[in-house]
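First up is the structure itself, then whatever we jot down about it.
The values are calculated or read from the model by the stated rules, or taken from the named source; none is laboratory data. The structure presented is a predicted model; accordingly, all values stated were derived computationally and were not measured. Glycine gets a Cβ as well: all are built from the backbone with ideal geometry, and neighbour counts include every protein chain shown. With ligands, DNA and RNA removed, areas are computed over all heavy atoms of the protein, side chains included. Shrake-Rupley method; radii C 1.70, N 1.55, O 1.52, S 1.80 Å.
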Amino acid sequence: MESVLAIAKHPIHPMLVTFPIAFLSMVVVTDVLFLWLGAAFWAELSLWLNVGGLGFGLLAGVVGTFDMMSIRVVRRHVSAWNHFIVAVMVLAIATLGVWLRLPDPVAAVWPWGLLSSAVMAGLVGVAGWLGGTLSFRHGVGVYGDEEADAADGPDPDRKPPAE
């Protein structure tokens, strides 16, 4: 089923989520590098990765929520609701990370910054897995093979993967 918010049939939500996935999953890596090397650069990079991941995550969340609420079939999937809930948890922990790190990025890393970034990285993995399930297993945000349908005509017995 096609995404409501798309550019030339390319859904916007999957395009946007690559940034928060990359940024937020790297915060734990830069935290560990700070603890290992002791260079303040890594703690400051953790802050900026956290801020960038939160910003892009909020944007991707708005687009994803709009798609979810606009397509009735999507709302019937448990994995869509699980993805939504875990993504909100990721954004909450990213907000916590920014709140912890903003006053003093170096002092925030141990222990709470590292703990929150490790939990956040795990939740990013779960949210990404559930989002992939929606696309690859249930066909959410994708469209069919139009060339095959035009040549052979649509198959009346073939049901979309979401039904």
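Find the relative contact order for the stretch 1-91 and round it to a whole percent, using C-alpha pairs within less than 8 Å whose residues are 6+ positions apart.
Working: 80 pairs, mean separation 27.6, N = 91.
30 percent.
Any idea of the accessible area per residue across the stretch 1-151, 1.4 Å probe, to the nearest Å²? Working shown, then result.
Details: 8350 Å² over 151 residues.
Result: 55 Å² of accessible area for each residue.
Per the Kirkwood formula on distinct C-alpha pairs, the Rh of the stretch 86-144 is how many angstrom? Show your work: numbers first, answer last.
Numbers: mean 1/r = 0.0781 Å⁻¹.
With all distinct Cα pairs of the stretch 86-144 included, I get 12.8 Å.
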Exercise. Take the solvent-accessible surface of the protein heavy atoms, probe 1.4 Å, and return the percent of it on the stretch 1-87 that carbon and sulfur atoms account for.
Key: 77 percent
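Between the DSSP loop rule and a limit of at most 13 other Cβ atoms within 10 Å, which trypsin sites (Lys or Arg not before Pro) in the stretch 52-87 are left? It would help to have the intermediate numbers written out before the result.
On the way: sites: 72, 75, 76; in loops: 76.
When the trypsin sites (Lys or Arg not before Pro) of the stretch 52-87 are filtered for loop state and at most 13 Cβ neighbours within 10 Å, 76 remain.
Pull out a ≥ b ≥ c, the square roots of the eigenvalues of the alpha-carbon gyration tensor of the stretch 1-140, then state rounded if a/c is under 1.5, prolate if not and a/b is larger than b/c, and oblate in the remaining case. Intermediate results must be reported in sequence, preceding the final value.
Values: a/c = 2.72, a/b = 2.40, b/c = 1.13.
Prolate shape, in that a/c is at least 1.5 and a/b is the bigger ratio.
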